[in-house]
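The values are calculated or read from the model by the stated rules, or taken from the named source; none is laboratory data. Keep in mind that this is a model prediction, so the values were computed, not measured. Every residue, glycine among them, receives a Cβ derived from its backbone with ideal geometry; neighbour counts consider all protein chains shown.
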Amino acid sequence: MLRYVLQMLWLLACVTADPLPERGAAPEFEVVSPVLKRLTQTQYGNSLRDLLGSALVVPNDLEPDDASEGLLVLGGTVNSLSARGVEQYETAAFDVAAQVRADSDMRAALMPCAIDDAATDAAAEAENETCVSDTLEAFGHRAWRRPLEPAELLRLTTIASAARSTLGSWDDGVQYGVAAILQSPNFLYRIEVGEDDPDAAAGSSVQRRYTSVEMATRLSYFLWNSTPDAELLAAGESGELVTDAGIDAQVERMLADPRGRDGVRNFFDEMLTLYKLEDLSKDPTAYVHTSSTVGSSAREETLSLAEWLTFDEDGDYRDFFTTTTTFVDPKLATIYAVPAPSLDGFAQTELPADGGRRGFLGQVSFLALQAHPTSTSPTRRGKFIREVLFCTPLSPPPANVDTSIPEPSDSYPTMRARLEEHMSNPSCAGCHAMTDPIGLGFENFDGLGGWRATENGNTIDASGDLDGAPFNNAWGLAAAVHDNANLGPCFSRTLYQYATGHAASEGERDLINWHAEGFADNGYKVQWLLRDLVASPGFRRVGVVQ
């Protein structure tokens, strides 16, 4: 409980403090020590496909990702890998290596030189060994995101040679060498420890920076959610990525690349927990339009909107909650009761105002995920807004409190009436007062996201108040969220954590506020904030190894 109180006080200070003066240089901040960052499953898959080709079937039987601070990328820094997880990565590495060996295109890309297993003379055998060594050195360089040390290359070639001797083929040797590279911590983890900064000002509290090579990896996994390409890696190895000009040039190139869109999509996917939609399950007797694919459709709708607003419009992040533009397939069009803009797949459309929905909070992704299998949940919907969109942590209910609410009856025919009765319990009132008045604004949408005007024959009252801003329905609530003072600073904080790969500390509060102020002054444009965070000392500086 104390942890939640301290978090609440710190976050309130972030968003209620007096406005910062005109934006100048970044304020002093508490630099953090480096942490190991294990690749998420998405990063693992993206990296393998970028290394070996899109035809690769990425193994998915891996230890599940866990979130920390609401982000999967942070979970990989605080959750250790189990013994079973290590075995799964080993199996996956050999699976991938076998696919590369069996696919002529992937094999040719990996190994441009030729091997002659029938060779008997010393010169030909030496050529085979050179080919294998060059192949493993080049692949290891790209997979480990840095040049290999001589001792590392020797270990890999020794593995390949032993496999060849035992199994009878240099192809076996290469397969084992590739598998060794892919199950190494140098691939599975981002190892970024930094170096002394020769340009650090005397007496400054920040004396260390990430190396140029490490910055290539930091940029790539932040903006692309994948491994560096050859150009970015070369820029890192040439020393360009410890200079503003070198970083700026790569950032512009990366944001213009299609993978820049993939990176932004992944951030929204993690922040909004959209990945959970793949397992969405609703009672078909309660919701006739549900199906096994509605979750993935809902996920794509929201990610398409985030991508369009960020890149095609270069728009205001707050409009994510009020725009009537969206992207639907026939399944979602049926739920929204609008004409399908395309008979196959997704297409852009405009939602009518009289339909009552707009923005992310009117989409199935939010409405269905933050609900129960057979009913709505104003508490979940309100809690999501408080915690995810406003960064206001809420304490869990006491262990001995009864969290059940009354069943529908003549006395309590609507969800509003049932929750009001539930909140008459003083043990429940405190937290529910923070969530339910918000969530009840979505009661015109059922547990799947379909529109409804009544509940059990009673007209739904979806009015309420959000931090002093009254609303009559979900349409008005979307505007209240758009205008809420916590929305922009929370987004800045979450993206800062995602970019830096660690949970924000008290010592970084002023720096995060500085980014939030710039975000507001520049029209809440997500692309602007991406560039601002890359330029941040919080992204480029690092403390000593603990």
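I need the full set of residues from segment 256-278 which are under 17 Å from Phe321 (Cβ atoms) and hydroxyl-bearing (Ser, Thr, Tyr), in order please.
If the condition is that a residue be under 17 Å from Phe321 (Cβ atoms) and hydroxyl-bearing (Ser, Thr, Tyr), then Thr273 is the only one that fits.
What about Val178, is it under 20 Å from Gln99 (Cα atoms), in contact (Cβ under 8 Å) with a residue 40 or more places away in the chain and part of a helix (DSSP H, G or I)?
yes
From Cys131, Cys113, grab the single residue that is in a helix (DSSP H, G or I), closer than 16 Å to Val100 by Cβ and not assigned by TED's automatic domain parsing to the domain that holds Arg218.
Going through Cys131, Cys113 in turn, the sole match is Cys131.
Scan segment 260-282 and give yes if some residue there is among the hydrophobic types (A, V, I, L, M, F, W, C) and free of Cβ contacts under 8 Å to residues at least 40 places away in the same chain, otherwise no.
There is at least one residue in segment 260-282 that is among the hydrophobic types (A, V, I, L, M, F, W, C) and free of Cβ contacts under 8 Å to residues at least 40 places away in the same chain.
Residues checked against (1) in contact (Cβ under 8 Å) with a residue 60 or more places away in the chain; (2) charged (D, E, K, R); (3) touching a His at 6+ places or on another chain (Cβ under 8 Å); (4) in the same structural domain as Gly75 (by TED's automatic domain parsing):
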site: Tyr287; (1), (2), (3), (4): yes, no, no, no
site: Thr293; (1), (2), (3), (4): no, no, no, no
site: Ser297; (1), (2), (3), (4): yes, no, no, no
site: Glu301; (1), (2), (3), (4): yes, yes, no, no
site: Glu307; (1), (2), (3), (4): no, yes, no, no
site: Phe327; (1), (2), (3), (4): no, no, no, no
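Considering only segment 447-473, state which residues are under 17 Å from Gly355 (Cα atoms), more than 32 Å from the chain's Cα centre (by Cα) and not small (Gly, Ala, Ser).
Matches in segment 447-473: Arg452, Thr454, Thr459, Ile460, Asp461, Asn472.
For segment 232-350, list the helices (runs of 4 or more DSSP H) that sit wholly inside it and hold at least 3 residues that are more than 16 Å from Phe360 (Cβ to Cβ); which are they?
244-256, 258-271, 330-336
Tell me which residues, restricted to segment 28-80, are of a type in the set (Val, Ile, Thr) and assigned to a loop (DSSP other than H, G, I, E, B).
Selection gives Val31, Val32, Val35, Thr40, Val57, Val58.
Within the group Ser238, Ser281, Ser220, which residue is on the phi < 0 side of the Ramachandran plot and buried (at least 16 other Cβ atoms within 10 Å of the Cβ)?
Ser220
For segment 351-378, name all the residues that are among the polar types (S, T, N, Q) and either at pLDDT below 95 or part of a loop (DSSP other than H, G, I, E, B) (or both).
Gln363, Gln370, Thr374, Ser375, Thr376, Ser377
Are any of the residues in segment 136-147 touching a residue at least 24 places away in the same chain (Cβ under 8 Å), in a helix (DSSP H, G or I) and over 26 Å from Ser238 (Cα atoms)?
Checked against the condition, which is being touching a residue at least 24 places away in the same chain (Cβ under 8 Å), in a helix (DSSP H, G or I) and over 26 Å from Ser238 (Cα atoms), segment 136-147 yields no hits at all.
Quick test of your reading of the structure: Pro150 fulfils all but one of (1) out of contact with any strand residue (DSSP E or B) (no Cβ under 9 Å at 6 or more places or on another chain); (2) farther than 30 Å from Ala124 by Cβ; (3) free of Cβ contacts under 8 Å to residues at least 12 places away in the same chain. Name the failing condition by number.
Unmet condition: (2).
At pLDDT 95 or above and crowded, with 19+ Cβ neighbours inside 10 Å - does that describe any residue in segment 126-134?
Among the residues of segment 126-134, at least one is at pLDDT 95 or above and crowded, with 19+ Cβ neighbours inside 10 Å, which makes the answer yes.
Take segment 195-218 and flag every residue that is within 24 Å of the chain's Cα centre (by Cα) and either touching a residue at least 40 places away in the same chain (Cβ under 8 Å) or in a loop (DSSP other than H, G, I, E, B) (or both).
Correct list: Tyr210, Val213, Met215, Ala216, Thr217, Arg218.
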